[in-house]
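Contents: one structure, followed by commentary.
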Amino acid sequence: MQVKQINENLWEIPKTGGMRVPGRVYASREMMQRIQEDKSLEQVANVAHLPGIVKYSLAMPDIHWGYGFPIGGVCATRRDGGVISPGGVGYDINCGVRLVGTGLQAEQVLPRIRHLVASLFKHVPTGVGSSKAIPKLSRSELRDVAVRGARWAVDRGFGSAAHLDRIEEQGVLAEADPEAVDERPWQRGADQLGTLGSGNHFLEIGRVEEIYHHPAAEVFGLRPGGIVVLIHCGSRGFGYQICDDYLKVTLEATRKYGIEIPDRQLACAPLDSREGKAYIGAMRCAANYAFANRQVIMSLAEQAFCETLGITQREAGFNLVYDICHNIAKFERHEVDGQMMEVCMHRKGATRAFGPGHPDIPAEYRGVGQPVLIPGDMGRYSFLCVGTERAMTDTFGSSCHGAGRHMSRKKAMAQSKGRDMIRELHERGVEIQATGLRTIAEEMPHAYKDVADVVNVMHDAGITLKVAKFKPVGVIKG
Amino acid sequence: MLTREMQPEFEELDHTADLAMRVRGATLDLLFRHAAGGMMQLMTGPLPGISAQTERTVDIGAEALDALLRDWLSELIFLVAAERLVPVSFVLERIDAHGLRARVGVVPLTDTIARDATEIKAVTWHGLRVDRDEEGFVAEVVFDT
C-alpha cells in the first residue's frame, strides 16, 4: 500500500480506484513500518469506498487490523446521500471507558489491595458468559434500559443523577428503537447487565502517577498519588447480536441499493433507507445498554471499596470524571469544505475528543476540553488527555482509544508459557484476579504496543493533550 | 448419549487482534463438523473426556456456502451465549449448498469450562471463504473476540 508522509506524525493514502476520498493515518515513522506489516492500511482504503464519505478515511495511531474497518478507524458520511455501516461501529456497540476519581490516596488503599481486588472480582462478574451481577431483568425492564441508558441505572439506585452530565451524550442516545431489535439480542443480554465480559475488558484501580496539564487535572479533581478506577466494557451479548443481525440486513441492503464495497464486513445502508434507520434505532438500544452497564459496574465497585476498606460512600468519594464511547455511530456537526454540516460519525476503536468550548461537553469542562480516556495494557500505564480545537478541524473531534495489540493471542500464549504472569505482575506492583490464567497470558503487557507512543503521537500532532498518567495497582479481568 | 466429537482438523491462523482459523474437510459434512469443533476448541480449549448430556437441533438455510458456514457457527455461539450450553458433538443429518439440519450435543457451561474459555463474540464476514480443492473443501474464518 502506497503512503506518503504529510508531516512527522501524519501519512496519506492517495485516492485510487474506487476510493472516494484519500486515507489519512496518524503514526510515527517507526509505527508506520509496523502498521505496513498487516492489512490495516488496506482497510483504511476500503473504508474510503463508502458512499457519502467526506474529507478522509482516518485512522488513529493505535490502528490495527480489524475486520471491515481497521481498529482505530474514523469515518464521516454525509447525512444527505451517505450510508451507515454496522462494521464501522463493531460488534461491541458502545464499548467504552469510564474514569472514576475517588477521595482516597494510594497509602489508604495499597495495604488492602489484594483484598480489594478479590472483593471487586466477587462484586463484578467477569469472563465468558458472565452474568447475574444484579437480578435478571424482565423484558420490559430490559426495554427500559435500551431506551433510557444510564438514567435507568440511576433511577434503580446505581449512582446519582449528577453522574449523567459526565457521560458522553448524558448516558443515553435518544430515539433508540426497541422494535428494531430482534428476539435474540434480548435473550443474550437478559442477565448480563453489570458484567465485564472477557477479552480486553477490565476494571482497574490506578494511582495518579504524573500530571502533565495542571489546570485540566485540577478541573477533573485529580492529584498525584490519588486513587482512580477505570472501567472498560460495552454492551455485552446484547450489542454483539444486534451487530450480527444487522450485518445480514445491511448486506442485503448493499445489494438492493447497488452499493459496491470491497469487503462484505463493510456492508452498509443509506442513512435515509428503512434498513439504515432500523439499524440506527437498534444500535442506539445497545449503546444505551452499555451506558447502563458501566453505570451499574461503577456502583458495584463503590460497594466493594466501602466493604473492603470499611469506609462510607462519602469517604470513598467516588466521583465520575467522564465516560466515553469508542465503538459508536452518531450524528454530529462538523466543518466540511468550509461549511458546517451534519454527518454520521463512525468511530471504530476511536474516541470522541471535542475541544474547549464545545456545547456537547459538560459546562465545567468547557474551559479545558473533553476528557479523552486512553487505557494501556494491564502492566504499564493509562492516560487521560483532553480534546483540542485542532481535533475539531483535523479529525472530526476524534482521537485514539488504547494501546492496540501488536502480538496475536496465539503468540502471547506461546511467550507466556512457563512464566508465572501473576507473580510477574505482582513484582511490577499490580495485583490481578481473572477468571482464568488463559486471559492473563493472552493479555500480557507485551502483547500490546506501548500506549505512551500512541498518546504521544496525538499529543505532538496537537489533536489531544496529555493531562495525567495512571499506574495500575489492581486489575480484574475476564 | 452422544460422544465427544472427533479431534477437529483445523489450523489457527495468526491474527493480531482477533482469532482466525483454516479448516479442511473431504466432504461438506466433514468441513462443517471440523469447523464447529475447531471454533469450540478455540473458545474453550480441548475438553477431554466430556460427553454430550443433551442435544439441540439446528436447522438453517443460506444462499451460499460461506454464508451457511457463518450462520452454522453463529448458531453455536448463540447456544453458548444465550443458553449457557457448550456444543461438543455434531451430527449433520442433511447438508447442501443451501442449508443444513444438524443435531448438536451439548453440556452446560460450567465455571470450570468458563474459567479457561475465550469469548468469541461473532463470526465476521471479513475474509470469509469456502473453496473446493483437490482434497475436498477448505474454509477460512475470522472471529471477533
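In the stretch A:49-79, the residue that is most open to solvent (accessible area, probe 1.4 Å) out of those that are more than 17 Å from A:Asp394 (Cβ to Cβ) and among the aliphatic types (A, V, I, L, M) is A:Ile71.
Can you name every one of the strands (runs of 3 or more DSSP E) wholly within the stretch B:1-118 that holds 3 or more residues which are farther than 20 Å from B:Gly136 by Cα?
Here the list reads B:54-61, B:85-96, B:99-108.
For the stretch B:20-28, does any single residue satisfy the condition of being within 14 Å of chain A (Cβ to nearest Cβ), open to solvent by less than 10 Å² (accessible area, probe 1.4 Å) and within 15 Å of B:Ala122 (Cα to Cα)?
Taking every residue of the stretch B:20-28 in turn, at least one turns out to be within 14 Å of chain A (Cβ to nearest Cβ), open to solvent by less than 10 Å² (accessible area, probe 1.4 Å) and within 15 Å of B:Ala122 (Cα to Cα).
Note on the stretch B:33-51: among residues that are at pLDDT below 95 and away from chain A (no Cβ under 14 Å), the one that is most open to solvent (accessible area, probe 1.4 Å) is B:Pro48. The single condition from (1) away from every other protein chain (no Cβ under 14 Å); (2) in contact (Cβ under 8 Å) with a residue 12 or more places away in the chain; (3) surrounded by fewer than 24 Cβ atoms within 10 Å (Cβ to Cβ) that A:His426 fails is (2).
Keeping to the stretch A:86-104, report how many residues are closer than 15 Å to A:Glu204 by Cα and either touching a Lys or Arg at 6+ places or on another chain (Cβ under 6 Å) or open to solvent by 10 Å² or more (accessible area, probe 1.4 Å) (or both). The qualifying residues number 2. Picking from residues in the stretch A:273-293 that are surrounded by fewer than 24 Cβ atoms within 10 Å (Cβ to Cβ) and basic (Lys, Arg), the one that is nearest to A:Ile93 (Cα to Cα) is A:Lys277. If you go through the stretch A:32-48 and pick out every residue that is under 18 Å from A:Cys400 (Cβ atoms) and buried (at least 20 other Cβ atoms within 10 Å of the Cβ), you end up with 6. Are any of the residues in the stretch A:398-414 away from every other protein chain (no Cβ under 14 Å) and open to solvent by 10 Å² or more (accessible area, probe 1.4 Å)? No: the stretch A:398-414 contains no residue that is away from every other protein chain (no Cβ under 14 Å) and open to solvent by 10 Å² or more (accessible area, probe 1.4 Å).
Using beta carbons and a limit of 7 Å, which pairs, at least six apart or on different chains, have the first residue in the stretch A:121-141 and more than 14 Å from chain B (Cβ to nearest Cβ) and the second one open to solvent by 20 Å² or more (accessible area, probe 1.4 Å)? Final answer for the pair search is A:His123/A:Gln303; A:Val124/A:Ala133; A:Ala133/A:Pro125.
On the stretch given as the stretch B:126-142, residues that are modelled with pLDDT of 95 or more and in a loop (DSSP other than H, G, I, E, B) total 1. For the stretch B:123-144, filtering for residues that are within 7 Å of another protein chain (Cβ to nearest Cβ) and open to solvent by 20 Å² or more (accessible area, probe 1.4 Å) leaves 1. Applying the set (1) open to solvent by 60 Å² or more (accessible area, probe 1.4 Å); (2) touching an Asp or Glu at 6+ places or on another chain (Cβ under 9 Å); (3) within 14 Å of another protein chain (Cβ to nearest Cβ) to B:Arg101 leaves exactly one unmet item: (3).
The set of residues in the stretch A:440-469 being small (Gly, Ala, Ser) and more than 13 Å from A:His401 (Cα to Cα) consists of A:Ala441, A:Ala447, A:Ala461, A:Gly462, A:Ala468. A:Arg24 passes every criterion in (1) closer than 15 Å to B:His15 by Cα; (2) surrounded by fewer than 24 Cβ atoms within 10 Å (Cβ to Cβ) apart from (1). Of the residues contained in the stretch A:398-416, none is found to be modelled with pLDDT of 95 or more, part of a helix (DSSP H, G or I) and not β-branched (Val, Ile, Thr).
Which of the residues that make up the stretch A:463-478 are within 25 Å of A:Gly197 (Cβ to Cβ) and either modelled with pLDDT of 95 or more or open to solvent by 10 Å² or more (accessible area, probe 1.4 Å) (or both)? Within the stretch A:463-478, A:Phe470, A:Lys471, A:Pro472, A:Val473, A:Gly474, A:Val475, A:Ile476 qualify. Applying the condition of being among the β-branched types (Val, Ile, Thr) and touching a residue at least 40 places away in the same chain (Cβ under 8 Å) to the stretch A:38-79 and asking which residue is nearest to the other protein chains (Cβ to nearest Cβ) yields A:Ile71.
The set of residues in the stretch A:244-272 being farther than 15 Å from A:Tyr91 by Cβ, aliphatic (A, V, I, L, M) and in contact (Cβ under 8 Å) with a residue 60 or more places away in the chain consists of A:Ile259, A:Ile261, A:Ala269, A:Leu271. Scanning the stretch A:441-462 for residues that are part of a helix (DSSP H, G or I), open to solvent by less than 10 Å² (accessible area, probe 1.4 Å) and away from chain B (no Cβ under 11 Å) yields a count of 6. Among the residues making up the stretch B:59-92, those that are over 15 Å from B:Ala35 (Cβ atoms), touching a Gly at 6+ places or on another chain (Cβ under 8 Å) and within 12 Å of another protein chain (Cβ to nearest Cβ) are B:Val80, B:Ala81, B:Ala82, B:Arg84. Count of the stretch A:429-440 residues, restricted to those that are within 13 Å of another protein chain (Cβ to nearest Cβ) and assigned to a loop (DSSP other than H, G, I, E, B), is 2. Out of A:Lys248, A:Lys256, one residue alone is more than 21 Å from the chain's Cα centre (by Cα), at the interface with another protein chain (Cβ under 10 Å from one of its Cβ atoms) and surrounded by fewer than 21 Cβ atoms within 10 Å (Cβ to Cβ). It is A:Lys248.
The values are calculated or read from the model by the stated rules, or taken from the named source; none is laboratory data. Predicted model only: the values in this text are computed from it and were never measured. Cβ atoms come from the backbone with ideal geometry, glycine included; neighbour counts cover every protein chain shown. The accessibility values were calculated without ligands, DNA or RNA, using every heavy atom of the protein model including side chains. Shrake-Rupley method; radii C 1.70, N 1.55, O 1.52, S 1.80 Å.
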